[in-house]
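Read the structure below first, then the notes.
Coordinate-derived values only; no laboratory data. Only a predicted model underlies this, so the values are computations on that prediction, with no experimental measurement involved. Cβ atoms come from the backbone with ideal geometry, glycine included; neighbour counts cover every protein chain shown.
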Amino acid sequence: MTGQVTTDSTFTAVSGTRSGSVTVRSTEHGLPIAVAIDDREMRYGGTVLAATILQQCERASATARAQRRTVLAEDGVPAEVLDRLGLPTSARVAAAANEDLAEDVAPASWLRPV
């Protein structure tokens, strides 16, 4: 789950786990702005939870940087300059997200407690 939002001149994006139990909004610089954690995630312990938050923060940051690249490209900045800036393409971010999803273990049940 990812999405882009632009506030002022900082690009942000949201990324969440497959189950939606951890969601992070991060700036393009990797600064987490908002973190939402479902109580069910607490059972895994602090180390696993911290790793999950960091992973989602990195995903959101990559998405925000790709959004920045798109805007700069529309403004006429050459692709080679964008590459040197380290801004990923949307396709590269999508491919990385697909790889991450392929490595994730699917939940035992898609049902959520009510």
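Which residues' amide hydrogens lie under 5 Å from the amide hydrogen of THR27, considering only partners 5 or more residues apart or on another chain, with H built in the peptide plane?
ILE33
On a full-extension model of 0.36 nm per residue, what is the gain between VAL71 and ALA95, subtracting their alpha-carbon distance, rounded to one decimal in nm? Can you show the working numbers first?
On the way: separation 24, 0.36 × 24 = 8.64 nm, distance 2.00 nm.
Value of the extension gain: 6.6 nm.
Could you go through region 75-86 in sequence order and give the Karplus-derived ³J(HN,Hα) for each residue, using 6.51 cos²θ - 1.76 cosθ + 1.60 with θ = phi - 60°, rounded to whole Hz, and x for Gly and Pro?
Result, rounded to whole Hz: 7, x, 6, x, 4, 5, 5, 5, 5, 5, 6, x.
Tell me which of TYR44, GLN67, ALA34 sits at the most positive position along the dipole axis of region 12-75, charges placed on C-beta atoms (Lys, Arg +1; Asp, Glu -1).
TYR44
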